1. Take every Cα pair under 8 Å in segment 337-419 that's 6+ residues apart, average their separations, divide by the length, and report that relative contact order as a whole percent.
2. Choose one of THR8, GLY412, GLN138: the residue whose Cα lies farthest towards the positive end of the charge dipole of the chain (beta-carbon charges +1 Lys, Arg; -1 Asp, Glu; about the Cα centre).
3. Among LEU343, ILE74, MET243, which residue has its Cα positioned farthest towards the positive end of the charge dipole of the chain, with +1 placed on the Cβ of Lys and Arg, -1 on the Cβ of Asp and Glu, and the dipole taken about the Cα centre?
4. Based on alpha-carbon centroids, what's the gap between segment 182-220 and segment 23-62 in Å, whole number please?
5. Around ASP427, which amide H atoms from residues at least 5 apart in sequence, or from another chain, sit under 5 Å from its own amide H, with H modelled in the peptide plane?
6. Which values of log₁₀ I(q)/I(0), to two decimal places, follow from the Debye formula for segment 278-373 at q = 0.13, 0.21 Å⁻¹ with a uniform point scatterer at every Cα?
7. Once amide H atoms are placed 1.01 Å from N in the peptide plane, what residues at a sequence separation of 5 or more from PHE81, or on another chain, have their amide H within under 5 Å of its amide H?
8. Convex hull over the Cα atoms of segment 188-293, averaged projected area in nm²?
Amino acid sequence: MNILIIGTGYVGITMILAFAEMGNRVTGYDTDREKVNRLNMGLLPIHEPELKETLSKHLQHNRIVFSADAEKSIQHNDVIFICVGTPARADGGANLRYIKLAAEQIGRYINGYKLVVIKSTAPVGTQQKMVRWISLAQIHYNNVLHPFDVSSNPEFLREGNALADALNPDRVIIGSTSKRATDILKTIYNKAACPVFITRPKEAELIKYASNAFLATKISFINELSRLCDKMGVDVREVASGMGMDKRIGSLFLKAGIGYGGSCFPKDVSALLWEASNQQISLSILEKVAEINRSQPIYLMARLKERLGGFSNRIIAVLGVSFKPDTDDIRESPAIGIIQKLLAEKAVVRVHDPVARVPAQLFDYGVEECVSPRLAAKDADAIVICTDWPQYSKLNWPQMKKIMKFPCILDGRNMLSAKTMRRIGFDYMGVGSR
Ligand code: UDX
């Protein structure tokens, strides 16, 4: 099948590769010509396992091409996936500007039946809006009106695992009331070894938000519980392991830490809260989820501050900037808030991350970027682990302790063994750990 993907961000690029792997010919459209040229040369704008090799394989076999030509891209493909961003507006709602632009281009260049599939995370009712926007653009630009369907097909891929998730999803959600559209989507996903759930577009749209909101709730639940564990000398890791053995609860997304970040959870929780208040409904659990996530780094920094007797002129080594391992994405990363807090309290902040970069504006406040955890930790008063990069658990910790001024460590991801670290001589603080 010939498939067009509009938008070459995280989701777009991953889906281009996934659909090519499934045997389709895929065009990736983006308005950014420079980006399109670089992608055609196999150069990716994101760090993500497996993408580079897979892209060069499909470029060589001409199964993937990138284009900045909207007219040709739309006219040569009958199935169009919308993978553009839906960033948060200042009021927390989702900004549908890029979705609307895509709809207007489709309406303008449509030359026969098109199936338009919304993969971007978009609020309930977006599919209906898309139908209207495409129709209005058709009426405006064309003499002949062509048939089209718009379906919702949300993505659930995780950064750092994006291609594997896209190829082996837990479920495929199809929101459509058109048999023609549903049949095409079923054919596209016929190799997926998972349930295909067909529902109406509105339900599909809410499934995406509700899923992310629920996962965020699990994280905030365990993070808040970790505060009680701190007070009572209980290890939250043990508690989470025991809870997770109950199939009804499940063990995933119960890892206490500095809070969730990334391009999805914070944005999607805000968008759902905005939607609820728009409907004059209070989603009080979710309000708390967002609040706990905001306060978790503050709570942990207060504990560290107390232990160090203040941050002023203390050298703090921050390990990890990305919102999670295996990505260079720092969007909404709790590490950034932690660095800002330390700087505001006049600490000397040294940062290491294997791939992610500190935002440029923080250099003005004196952040030092270090090429190794060792350089960051030299003469430091404390280490704060913000991202659970696997290489941090393999560090030579006895040596790290030797080069520090004061061997204090706040393991913000509970990735190290408290027992081992204390045996080495560290003043070890985990999140809700003994
Ligand atoms: C998420 C969803 O998992 C995915 O289905 C959706 O489509 C996009 O949003 P992603 O943002 O890539 O994916 O990352 P995810 O692995 O879900 O982690 C999100 C954040 O939660 C990270 O900051 C992570 O460190 C944190 N987290 C996750 C925890 O703090 N504890 C956990 O137990 C799990």
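No lab work stands behind these numbers, since they all come straight from the coordinates. As the structure is a computational prediction, the values presented were derived from the model and not from experiment. Quick reminder, even Gly has a Cβ in these numbers, built from the backbone with ideal geometry, and neighbours come from all protein chains shown.
1. On the way: 87 pairs, mean separation 21.5, N = 83.
Here the relative contact order equals 26 percent.
2. Highest projection toward the positive end goes to GLY412.
3. Most positive-ward Cα: MET243.
4. With segment 182-220 and segment 23-62 each reduced to a Cα centre, they are spaced 26 Å.
5. Answer set, sorted by chain and number: CYS408, ILE409.
6. -0.51, -1.07
7. Sorted by chain and number, the residues that satisfy this are LEU4, ILE5, ILE6, VAL117.
8. That works out to 8.9 nm², a quarter of the Cα hull's surface.
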